[in-house]
1. For L68, work out the one condition from (1) open to solvent by 80 Å² or more (accessible area, probe 1.4 Å); (2) touching a Ser or Thr at 6+ places or on another chain (Cβ under 7 Å) it doesn't fulfil.
2. Mind telling me which of the residues G21, G74, G25, G49 ends up being small (G, A, S) and assigned to a strand (DSSP E or B)?
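The values are calculated or read from the model by the stated rules, or taken from the named source; none is laboratory data. Small disclaimer: the values here were computed from a predicted structure and weren't measured. Using ideal geometry, Cβ is built from the backbone for each residue, glycine included, and neighbour counts are taken over all protein chains shown. All accessible areas refer to the heavy atoms of the entire protein, side chains included, with ligands and DNA or RNA removed. Shrake-Rupley method; radii C 1.70, N 1.55, O 1.52, S 1.80 Å.
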Amino acid sequence: MLGVYTRWFNSWALLLGWAVGTYAGTAMAIAAELKPAYPLAFGGYTFPGYTAFYTLILNLVVAVVLTLVFNAMGARKVDETVAADYQG
């Protein structure tokens, strides 16, 4: 949905963020025996939280990082839409 409201994100980065989030969320749900909570272990600590929240954070991080990488590589497409395209 972020691609609908802002043009900042690279479309490929959004797609890859979605794919990574979907894969990770499915893996977490299976590991948690299809329960909504997943115990995330990080740095010797365990953080209980919702699988969907962790998946959303991962999706956003991947989309932001890859947008920055793709923009640095010059893979940004220019929107060629003009106001006259919307007049009938």
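1. So L68 meets the others, but not (2).
2. G49
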